[in-house]
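Readers should treat all values here as calculations from the given coordinates under stated rules, not as data from a laboratory. Model, not experiment: these values are computed from the prediction. Cβ atoms come from the backbone with ideal geometry, glycine included; neighbour counts cover every protein chain shown.
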Amino acid sequence: MAFTYTITHKEKYSLLTLKGRIIESNHADEMLADIQHHLYEARVNYVLMLNDVESLQRSGLSVLIKLLAITRMHGGNVVLTALPVNLQQTEDGKNLRLLFQISDNEYIAAACLNNAA
């Protein structure tokens, strides 16, 4: 499945739902540009829903790190949720756990963002 994303704005955070395969960093260029636009509107906290991500190569991990960096530069944060089991067991999944806070569901992730504020 090709990479797709949706952004749903909530009261205190935005839910970024990722689907498909993030194989090349250029697959996510549009998403990063959209996020950059939302950051200027003071939407700086993101919950990333990953349950429909099929594959995350090194370049996909790089995209998530860029997202984390740009949100933190604007005073925000990113919490991952619903990390698929197949990703948890990979080296990239282990790297995600080192870099990101990961929660079981969107509501716990949102609470993590609120506690960090």
ask   = From the backbone phi of region 92-102, what are the Karplus-calculated ³J(HN,Hα) couplings (6.51 cos²θ - 1.76 cosθ + 1.60, θ = phi - 60°) in whole Hz, Gly and Pro given as x?
value = 5, x, 5, 5, 4, 5, 6, 9, 10, 7, 10
ask   = In the chain, if every C-alpha pair distance is counted and binned at 10 Å from zero, what percent goes to each bin?
value = 14, 52, 31, 2
Separation in nanometres of the label points that stand 7 Å from Cα toward Cβ, at SER62 and HIS37 = 2.5
